[in-house]
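The values are calculated or read from the model by the stated rules, or taken from the named source; none is laboratory data. Just so we're clear, the structure is a prediction, and the values are computed from it rather than from any experiment. Positions of Cβ are backbone-derived with ideal geometry, glycine not excepted, and every protein chain shown enters the neighbour counts. Calculation scope for accessible area: heavy atoms of the full protein, side chains included, ligands and nucleic acids excluded. Shrake-Rupley method; radii C 1.70, N 1.55, O 1.52, S 1.80 Å.
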Amino acid sequence: MSEPDGAGQANGTLRETIDRGGLSPDRRGPTITIGEILVEIMAAERGTGFLEPLTLTGPYPSGAPAIFIDQCARLGGSAGIIATVGDDDFGRVNTDRLTRDGVDVSAVAVDPAYPTGSAFVRYRPDGSRDFVFNISKSAAARLSLDGPARALIARAGHLHIMGTAFAIPAVADMLEEALATIRANGGSVSVDPNMRKELLQHGQTAERFSRAIAAADLLLPSGNELFVAAGIDGSEEEAVAALFDRGVREIALKRGEAGATWFGADGGRVDCAGFDVPEVDPTGAGDCFGGAFVACRRLGMEPARALDYANAAGARNVTVQGPMEGAGTLAELDAFIAATRRRP
């Protein structure tokens, strides 16, 4: 449907957003995210803790926002990140990787006084993990809206928010400012509500989290996060309905190895079976899912196709050691889908 000459840009923005189920088209500007960049260093042997000398592998580029945005770029979506790294090899491992994969790192600051954030990880025999983090006393916690960050926000077409960021006051402030700017420019918003109920008890966290959910065009929960986001303890159908009543336009529910389900505000539903793959390292699977789904939807794919690619992106990533080492291109995911058996 064409508009008469002289129609306002805001009307065009609204039409393009609605045509794509609530996400602005990729050509409007990059998908951006704000948060931590880390390196991950992993124990080669399973066991408990780090109380004896161990063989370690890494450093691997990591941090949930970095994994998300890397997968987004790998699929051909325009993508950028606001973060801070140290003036060290760990920082360069990350920025080199993101740059190679097509991420705009112009708003990644380098702090000469603090080291790049890190996470040491060891898997226990039962598959659970022990961590030693350095985030709060690292460059990862030194984010600010400097000139390059504001310039990236000004040209962005979509903001992706990680729920856990609202537990960090400085990042929460940045996200709320970015959300207002991107909304005013006709952009869209997605939220991965990876927030534990316990974190919602602290200060303004619950209020900020609730505002982000209400502002979201797309929600990307895993399991019980659906109910945390909806604020109810009812059935899945009731939680989905409650979120649509608050203005969410679509939900991509991650079900782990069981696959995923897409819900549309118009009543649409798509179920996607999981892939039968050997699990080497599950870290980053949900972030790869999210990065793939957002990129595919913003590139104009219908929900069923976008969900299949997102499901494949998460599954492919768990087959490789390292939190973003399995992030795939469209061609790689096509090959993975063709070669991999679905779960019943």
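Across the chain, where is the longest run that never hits trypsin sites (Lys or Arg not before Pro) in a DSSP loop with at most 14 other C-beta atoms within 10 Å? Answer from the scan: 197-340.
Taking R0 as 22 Å, what FRET efficiency do you get between Arg183 and Ala241 from their Cβ-Cβ distance, rounded to the nearest 0.05? Mind dumping the intermediate values first?
Details: r = 24 Å, r/R0 = 1.10.
Between Arg183 and Ala241 the formula returns 0.35.
Based on the Cβ-Cβ distance of Glu257 and Ile135, what FRET efficiency does E = 1/(1 + (r/R0)^6) give at R0 = 35 Å, to the nearest 0.05? Efficiency computed from Cβ-Cβ geometry: 0.75. For segment 174-185, the Karplus equation 6.51 cos²θ - 1.76 cosθ + 1.60, evaluated at θ = phi - 60°, returns couplings of 5, 5, 5, 5, 5, 4, 4, 5, 5, 4, 4, 8 Hz by residue, with Gly and Pro reported as x.
Any idea what the dipole of segment 30-163 comes to, in debye rounded to 20, about its Cα centre with Lys/Arg Cβ at +1 and Asp/Glu Cβ at -1?
280 debye
Rg/Rh for the chain (Cα atoms only, Rh after Kirkwood) is 0.96. Taking the DSSP bridge list for the chain and keeping only pairs wholly inside it, about 45 percent are antiparallel. Placing pseudo-labels 7 Å out from each Cα toward the beta carbon at Ala214 and Asp126 gives an inter-label distance of 4.0 nm. Counting only protein heavy atoms and a probe of 1.4 Å, the accessible surface of the chain is 53% carbon and sulfur.
For every helix of n ≥ 4 consecutive DSSP H residues, a contribution of -39,500 (n - 2.57) applies; sum these over the chain, divide by its total residues, and give [θ] at 222 nm rounded to the nearest 500 deg cm²/dmol.
Computed mean residue ellipticity for the chain: -11000 deg cm²/dmol.
Remark: the chain carries 42 Å² of accessible area per residue (probe radius 1.4 Å; ligands, DNA and RNA excluded).
Counting only DSSP beta bridges with both residues in segment 140-273, the antiparallel share comes to about 45 percent.
Any chance you could check the Cα centroid distance between segment 43-63 and segment 315-335 for me, in angstrom? Cα centroid to Cα centroid, the span is 22 Å. Pairs of Cα atoms nearer than 8 Å and 6+ residues apart set the relative contact order; for the chain it is 18 percent. With the simple spin-label model, which puts each label point 7 Å out from Cα in the Cβ direction, the Ile232 to Asp334 separation comes to 4.2 nm. By DSSP, the beta bridges lying fully in segment 205-344 are antiparallel in about 75 percent of cases. Net length available on complete extension from Ala304 to Leu51 is 86.4 nm, with 0.36 nm assigned per residue and the Cα-Cα distance removed.
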